[in-house]
1. Tell me, which residue of segment 322-347 that is at pLDDT below 75 and open to solvent by less than 10 Å² (accessible area, probe 1.4 Å) is farthest from E462 (Cα to Cα)?
2. State yes or no: is T69 part of a helix (DSSP H, G or I), touching a residue at least 24 places away in the same chain (Cβ under 8 Å) and surrounded by fewer than 17 Cβ atoms within 10 Å (Cβ to Cβ)?
3. Restricting segment 177-202 to residues that are open to solvent by less than 10 Å² (accessible area, probe 1.4 Å) and modelled with pLDDT of 95 or more, which is nearest to F54 (Cα to Cα)?
4. Does G402 fit the bill of being in contact with a helix residue (DSSP H, G or I) (Cβ under 9 Å, 6 or more places away or on another chain) and modelled with pLDDT under 80?
5. Does any residue of segment 371-381 turn out to be modelled with pLDDT of 85 or more and in a helix (DSSP H, G or I)?
6. Does C257 satisfy the condition of being surrounded by 17 or more Cβ atoms within 10 Å (Cβ to Cβ), farther than 21 Å from E390 by Cα and free of Cβ contacts under 8 Å to residues at least 40 places away in the same chain?
7. Can you find a residue in segment 102-118 that is in contact (Cβ under 8 Å) with a residue 40 or more places away in the chain, within 18 Å of F202 (Cβ to Cβ) and open to solvent by less than 10 Å² (accessible area, probe 1.4 Å)?
Amino acid sequence: MTSSSGLNCYNDADMKSLSTTMFSFEYFRERDLLYVDKTSYVHKMVSSDDNFFFLSRPRRFGKSLFCSTLHALFDGRKEFFEGLYIEDKYSFEKYPVIHFDFSGMDIDSEKSFTDGLNKYIKVFGRFYGVEIEDSTPRMMLEDLITGLYSRYGKIVIIIDEFDAPITNAINEKQPTFEFIRNTFNRFYATIKKCNSMIRFFFMTGVTKLSNLSIFSAMNNLVDISMDPEFAGAFGYTDEELDEYFEEGIDENWSKSCSSREEFREKIREYYDGYRFSPDADVRVYNPVSIGRFFSSHCSFKNYWIDTGSTTMAVNFARKYNLLSLVEDKPVVRETDFSVFDISALNENNFKVRNVYSLLYYSGYLTIKETSRTGYVLGFPNREVSVAFTELLVDQYTPMEIGEFLKNGGDYADSGDVDGLLSELGKFLTQFPYQFFERNNERTFHLIFHAFFVALGGEVYAEDTGKNGRADEVLKTDRYIYIFELKLDGSAEEALNQIKEKHYAEKYLPEAEKSGRKIILTGINFSSEERAVTEYKSEILQ
C-alpha cells in the first residue's frame, strides 16, 4: 500500500493509507485514507450559541482539513460523514459556503493582489448564480453576501490562512504590506457589517493580528485558540496515536527499540509536546510529522523543518541572542499574544518578548507550564529543538555547519571522543568574539549544548542525579556520554567530579539493558583562547 504522498506505507491488512500532502476532507473520505475523527469538535462549534469563531495554530496542524470538513458539512455532504462522530448528531442542512484560502495569494503588486481577491469573489458569485460587478474587494464581497442572502438565506463563510498575505509581504519585504493590511481591514469590516446574514463564520491563521479590524470591531468573534475545550482539536493526541496508528506501531517498534513502550516514549520525545491551552494538560503531535514518520517506516528524522517551519523569527537571532532559548524557558504574558502586531517587526522598538510570541505562533515554542507572571515557553520536542538550533547556529556562524555536524555525529556514534571534541572545537571557532564578551561558564555550556542538539542526539543539559547534576548527557545507539565542563579549570577536576558524585549511577541499568557503554569525559574551556584546551575521558567498565 502506498500513501498519497508517494511513499510506501504498510501491507494491505494493516493501517490505512496516509496523506501528508492533501488537506481536502472530500479527498480523504472518497479514497478511504486514514482520517483522525475530529468531528466532535466540529459538532461542538456548529451546535453552539456562538457562530463566529477564530483559531490560530502553526502551519501543518490540520487547519485546512478542518476548514474543508466544515465546508462539506454545511454543503450537506452527509455521505462523507458516515461512521464519524457527527453522523447522527447533525441535520446537514445545506447553505451557500464562501470558502477563502489565502495561503497562495499573489502579493507582488497592489494590482495583482486586488485582482486575485476580486477573482476569488467572482468565482463564488458565478458558482451560486449571483452577478458581481467589478469594484473594490470590499464592495464586491458585500454584493456577494447580500446577493446570496437574498437568494438562499443565511450563508457560511470560511477563511483559511487569513494572515498569509500580510505575513508573507512583511517577511519578503514587499512594498505592498500596508496596502494589503488596509485592504483586509476594509474587507473584514464588511463581514462585521453583514453578520446578521451569516449562519456560521470560521477563520484560521498562524497569528492573531491585533491591529486588523476584524479583531477590534467584531465583538462576537470567539477566539478558541487557547480554549481548553479545543486543546486537542488540531494535531493528534496521544490517545489518537494509539487508536489510529496502532498497526503501524505494532509493525515497527521492534526495528529500533527493545519494547513497544520504549518505542512509544521515543515517538513522544521526538514529535509530541505541543500544548496550546494553559488551562488543559493536553499535548498533541504535528500531523504532518507523524504522517511522514509512519510513511517512512518509522524512521526517526526531522520532518517538521521541511513542512511547517518559518525562518522569520530565527532571523532575529543576532539582535536578541536567541541561542539562549536552547537552554532557557522564557516567560511571556497573556497580553503578548493578544496584542501581537506583526508589522512591528520592522520597527526599532520591537521587544524580545514579541519574538517569543512569534516563535510560539510559528510552532518553535509551546506552552510548557504556567507561572504567576504568565506562560513558560519551551521547545515542544526534540524534532523542533534540533531544527531551531540548526537554523539559529546558521545565523551566528559564517560557514555551513552541516559537514562538521555530520562528522561529529559519526564520531559520537562510534565512541571516538577525540574526533567528537575536535569537531566541537571547530564549532566554537565559528562564533564571533562578541558572543564570548562576558567570558562566563554559561556561554560555553550553551554552545556545547547547542552543538549536541544540532547533532540530533538524545541530549540532556544539567541532568539531575541523587548527588548533583551532570553538565551534559548524550545518548547514541551504542554509547552514553556523561560530560562535565570547567571554565579555566582542569579536565582532571571535571572528570573527578563525575566519578565522585556518581553521575553515571542512574544510567547503569539502562546501559546494561541496551548493551551501551558509558563514557565519562571531563572538559576544560579557556576563556582567553575561547577553546577546549584539554579533556580526559574514561570508559566505565
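1. Out of the qualifying residues, it is I342.
2. no
3. Among those residues, the one meeting the criterion is F202.
4. Answer is yes for this residue.
5. no
6. yes
7. Within segment 102-118 (the criterion being in contact (Cβ under 8 Å) with a residue 40 or more places away in the chain, within 18 Å of F202 (Cβ to Cβ) and open to solvent by less than 10 Å² (accessible area, probe 1.4 Å)), the answer is yes, since at least one residue qualifies.
Yes/no matrix, rows are residues, columns are (1) in contact with a strand residue (DSSP E or B) (Cβ under 7 Å, 6 or more places away or on another chain); (2) farther than 20 Å from D101 by Cα:
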residue	(1), (2)
F127	no, no
E131	no, yes
T136	no, no
E142	no, no
I155	yes, no
F184	no, no
I198	yes, no
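The values are calculated or read from the model by the stated rules, or taken from the named source; none is laboratory data. Source: prediction; values computed, not measured. Cβ coordinates were reconstructed from backbone atoms using ideal geometry, including for glycine residues, and neighbour counts include every protein chain displayed. Ligands, DNA and RNA are stripped out before the accessible areas are found, and what is left, the full protein with its side chains, is counted by its heavy atoms. Shrake-Rupley method; radii C 1.70, N 1.55, O 1.52, S 1.80 Å.
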